[in-house]
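Worksheet for the structure shown next.
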């Protein structure tokens, strides 16, 4: 039994779109691609970080589940329900989520899992600046017989580079106090060091080579490298491994790896062979996984 | 989603091996909280909720320090060293570090990993409101059952007293959407989940579902007018849904795990209000026509609602006062914004019963 990527949905928004709306639209497109009803989703994991008003509770996944109409109404006793929650691991979040879905598929608990990621400006006054494109992406993962799909998820941290990328919501007192206005605001602040890209490439190459090495494989055993394109990191990783690559992401943050996977599917790279998926994120956090393509 | 029993794919069992917590030193009574409200509310919150006091963080404490201290306490009562942890999941709703700065990237789990020296652990943050820690246990249970890992930790540090302080400026009456914020207390909690030795029953069943039709009954955002956050809760709506929907879900979980309610020694619900817990439990007893061996566990009177940490804050009390004995069967019940509903049924073994110095 393996966990395979069955369908994708990618939606590009504009500056007015919120992360939740983008996630909703991406899921609807993904389910249409799969020909599946929302009620068939057993597990829904949202990996987006930046959302409307910097919402802290509930998990955005629950609101998305309500929006797409997955098993609403009274409890699904004796029938079918959907379980939703959020994972936060930056741009590596979808990899963590796909690993969780893969685990529950292998246990026989989940037949269809949906991973969604979207980030958008949290709204006027809620962020100093926001560098990412408003994009939502979703993928449907399903149980498939045979030695196919994801395997060998590997992650590594390089805490010596933990300060390269930082994002927090903190209180900034107002510079001037205007009558009847708030004395300040809670605002999202993102900092990114110029060194991040170089550190990310070195870390990604080390973890990718370790992932292959642990399986007795070399880069020549991989038909395609699939990785996001942020700051030229993906291109450098593909060059470093000297294999064909699908490098995409369209300026998205957490959705980038799902966009790259969707493009790989569209270009036929998931029809045969073995893919290596590589992501990097703040921390410095690297995630890799192998994907055996179904024939 | 329900995980129960063995299969070819899941030949192992998981168990709770150790539990740690960190409670801030400052005790704050409900009387003091209500005296701090800007408006005369005419609300007797202590009578309404049964909460006498809660702990609030002091200078230099936040979500990160609570999580790290709880993780260290958990390791101090464990046979494992930090290097043994293969997965570390941080489940806090609040992610304050260095004061009221909500850290989004890198995730708080990276900080906890470095602080306790869990250098081999895969880490990520998980958000599932007050069901966060039990969701983390559910995920580790799955990986341990399949034999993928042997040992992992779930941690949370909830620095949520800013919500109470902010609510005190805005609550006007008993119907205020921010009234529930006045029940909040700060705490850190951690638990190590490991592969159970062959003879130990460990976690017998775990199941979760999201009743997403009610996803907007409790919302929390950074405040627009002051540091920290604000939370808006339809407490009556949540209580109504809990009373309607919990009994059939609990019955299904117990049926799947082969237990009846009278086989359960202790029911540990999410700690929101002593009155709501007792009323909810009596509804469950009536609906199922059966009851657990002891009344529902209540610690909210001493600690307030400590969000995702509440079950483990309660379990530490029960371990320290010797209530939890080897062989006791415990049902941990999650009910959280989302609405997230979950149950984890576990059996206490000698190792856990003795882990906090009480003779097993």
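Numerical summary
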quantity	calculated
Cα point-scatterer Debye curve for segment A:2-145, base-10 log of I(q)/I(0) at q = 0.11, 0.17 Å⁻¹	-0.38, -0.87
Peptides B:308-316, B:16-24 ordered by average Cβ neighbours within 10 Å, highest first	B:308-316, B:16-24
Residue-span extension gain [residue A:1 to residue A:147] - 0.36 nm each, minus C-alpha spacing	51.9 nm
D (Stokes-Einstein, µm²/s), Kirkwood Cα radius, segment A:186-238, 1.567 mPa s at 4 °C	102
Number of partner chain Cβ atoms within 10 Å, mean per residue of B:331-343	3
Hull shadow area, averaged, segment A:225-295 [alpha-carbon convex hull, nm²]	4.4
Fraction of beta bridges assigned by DSSP in the protein assembly as shown that are antiparallel (%, nearest 5)	75
Inter-chain shielding of B:125-136 (mean C-beta neighbours from other protein chains, 10 Å cut-off)	5
47 Å tail of the calculated P(r), the protein assembly as shown, as % of Cα pairs	10
Three-way shape label, chain B, alpha-carbon gyration tensor, a/c 1.5	oblate
Cα Rg, Dmax (largest Cα-Cα span) when computed across segment B:181-238, Å	18.3, 56
Relative contact order of chain A, defined on C-alpha pairs under 8 angstrom at six or more residues apart (%)	23
Spread of Cα-to-Cα distances over 5 Å intervals beginning at zero, given as percent, for segment B:243-329	2, 14, 23, 24, 21, 13, 2
DSSP beta bridge pairing in chain B, given as percent antiparallel to the nearest 5	75
Measure of compaction for segment B:300-360 (Cα Rg per 2.2 N^0.38 Å)	1.22
Beta bridge orientation in chain A: antiparallel %, DSSP, nearest 5	70
Peptide B:109-121, shielding by other chains (average Cβ, 10 Å cutoff)	2
Segment A:128-193: Cα Rg divided by the 2.2 N^0.38 Å rule of thumb	1.95
Rg/Rg_globular for segment B:2-195, with Rg_globular taken as 2.2 N^0.38 Å and Rg from C-alpha atoms	1.15
Estimated FRET transfer efficiency when R0 is 41 angstrom, pair residue A:239-residue B:354 (beta carbons, to 0.05)	0.10
Radius of gyration and maximum dimension Dmax of segment A:208-259, Cα, Å	11.6, 34
Rg over Rh [alpha-carbon atoms, Kirkwood Rh] for chain A	0.99
Zone residues, segment A:12-46, relative to residue A:111, backbone N less than 15 Å from point 7 Å out along Cα-to-Cβ	A:35-43
Cα pair count fraction exceeding 21 Å, expressed as % - segment B:203-353	45
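We did not get these values from a lab; they are worked out from the coordinates using the rules stated. If you're wondering where the values come from, they're calculated on a predicted model, not measured in any experiment. As a convention, Cβ positions derive from the backbone with ideal geometry for all residues, glycine included, and neighbour counts pool all protein chains shown.
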